[in-house]
Amino acid sequence: MMSSTTSATAAAAAFGAAAAASKPRGSSSALCPRVAAGGRRRSGVVRCDAGVEFQAQVEGKAASIAALEQFKISADRYMKERSSIAVIGLSVHTAPVEMREKLAVAEELWPRAIQELTSLNHIEEAAVLSTCNRMEIYVVALSWNRGIREVVDWMSKKSGIPASELREHLFMLRDSDATRHLFEVSAGLDSLVLGEGQILAQVKQVVRNGQNSGGLGKNIDRMFKDAISAGKRVRTETNISSGAVSVSSAAVELALMKLPMSEALSARMLLIGAGKMGKLVIKHLIAKGCKKVVVVNRSVERVDAIREEMKDIEIVYRPLSEMYEAAAEADVVFTSTASETPLFTKEHADALPPISDTMGGVRLFVDISVPRNVSACVSEVVSARVYNVDDLKEVVEANKEDRLRKAMEAQTIITEELKRFEAWRDSLETVPTIKKLRSYADRIRASELEKCLQKIGEDNLNKKMRRAIEELSTGIVNKLLHGPLQHLRCDGSDSRSLGETLENMHALNRMFSLDTEKAIIEQKIKAKVEKTQN
């Protein structure tokens, strides 16, 4: 899958040349050794020769043009197939939490990650979906093999995990398979907790984040929006989420399962982190009959808002500075923060007082954060037990059978939404032909109009007459183009109509020598080279 071709190698070489050409040629290190920035020594007696700078700029532009032309020649490979949609990632199904946390990207860093990914030579568009259970990168790639390799290398560089080790846990899907996967993710069909609702909110957040930062491209943006529609339809039409557990509810269930049955509801509960996941933990503690929970959070305002919303439980606030004191008084510690480093290590757990025998003699740490808030070494402490998101499978399996049946029903909806998206994407192929045909006709109209006006003579025309002749020429062109353009437009909902439209497109390309496929790839290549230069 990672194989390359001669033309792709030439393309990569061209990009390398363009990148080299984009380096500032007028810098002191390139032209005048030991000369300070600005081309002048401190004494002011030596200055970079302006002619040399100008010559360097000319050479730089020439090298860029040469690189672009070389890449155009090697672009034959790309013209044989359109850009691929791909997903490269890992999830709770393919990789342990130890690996997922190294690849996790905080939401505020998504725009930066997208910018870095789209700066790769063969990546046009990108989106990042990073949650506690998955880290997936969606891209539109000029070249499947080259694009995948670049993304894997980026992931390896970011995480510090060798690419060879990463590949053992990564999954890679292309085009319709990649789109189907996102739709299934949005619908909760790929979640550890089948049918859970939080993933849909996370997919929505990718779109909101992209809209705010302007980072999502046309294809990725539409795919994620259609995934949201698919997720909503599945939950509405199959009731797959009814009775479904979430990660937070599974965490509560697991904690209660590990406590002595007779003492479970009297256990002292501590929650660290009052974000969305933490709030859901409190909600499910209430559902299980718990009457009190201590919440440690950076700010009191969020805890006050939760207290105002949830009246059926006593919520005691403790500031972050009192976290270890609060843990000393707790039998169960739930952690759900965005901390990049562990909050509890073996030393912290060792320092906590013992738990009463009535509670089993061990303190439970239930960590639903990625990266983890509780270090794995805490499990070495005799009086502590640590559970993370990978340990929730025990709870999930007990609630899975009914939702599996509903998941089969959901696949019908997924397939319908997938066909809609693919039809929309197919219909985009005609847009360049429409633009090219319109431009071709307008050039002829403008040329013939100019000849006509010269024959008549400017002195023989007033403004009204000139406008009338221009409108006549425009009207003739519009009426002649109306039929062909109608046969190039379709809404993408009728597969047979779409097939006919694409046949018409290819016929017009041949008849008028529009060569749109080459124009498209050249435009993409030029954009990438210009981005490299900047």
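Things worth noting here:
- Total formal charge among the other residues, if their Cβ is under 14 angstrom from that of Cys377, Lys/Arg +1 and Asp/Glu -1: -2
- The shape of the range 125-196 comes out oblate: with a ≥ b ≥ c from the C-alpha gyration tensor, a/c is at least 1.5 while a/b does not beat b/c.
- Just so you know, the averaged projected area of the alpha carbon convex hull for the range 308-440 sits at 16.2 nm².
- Listed residue pairs exceeding 24 Å between alpha carbons, taken from Lys279/Lys393; Lys276/Lys311; Lys225/Lys276; Lys258/Lys393; Lys204/Lys283; Lys158/Lys283: Lys158/Lys283
- Lys/Arg +1, Asp/Glu -1 at C-beta; the range 303-447 dipole; positive extreme among Ala441, Ser336, Gly361: Ala441
- The range 343-456: relative contact order as a whole-number percent, Cα under 8 Å and 6+ apart: 19
- Shape category assigned to the range 89-210 from the gyration tensor of Cα positions, a/c cut at 1.5: rounded
- In loop segments of the range 280-334 as defined by DSSP, the trypsin sites (Lys or Arg not before Pro) with at most 15 further C-beta atoms inside 10 Å of their C-beta are Lys288, Lys291, Arg298, Lys311.
- Ordered by solvent-accessible area of protein heavy atoms (1.4 Å probe), largest first, the residues Thr341, Thr238 come out as Thr341, Thr238.
- Cα centroid separation, the range 369-398 to the range 219-291 (Å): 17
The values are calculated or read from the model by the stated rules, or taken from the named source; none is laboratory data. If you're wondering where the values come from, they're calculated on a predicted model, not measured in any experiment. Methodologically, a virtual Cβ is constructed for each residue, glycine included, from the backbone with ideal geometry; neighbour enumeration extends over all protein chains shown. Heavy atoms of the whole protein, side chains included, go into the accessibility calculation; ligands, DNA and RNA do not. Shrake-Rupley method; radii C 1.70, N 1.55, O 1.52, S 1.80 Å.
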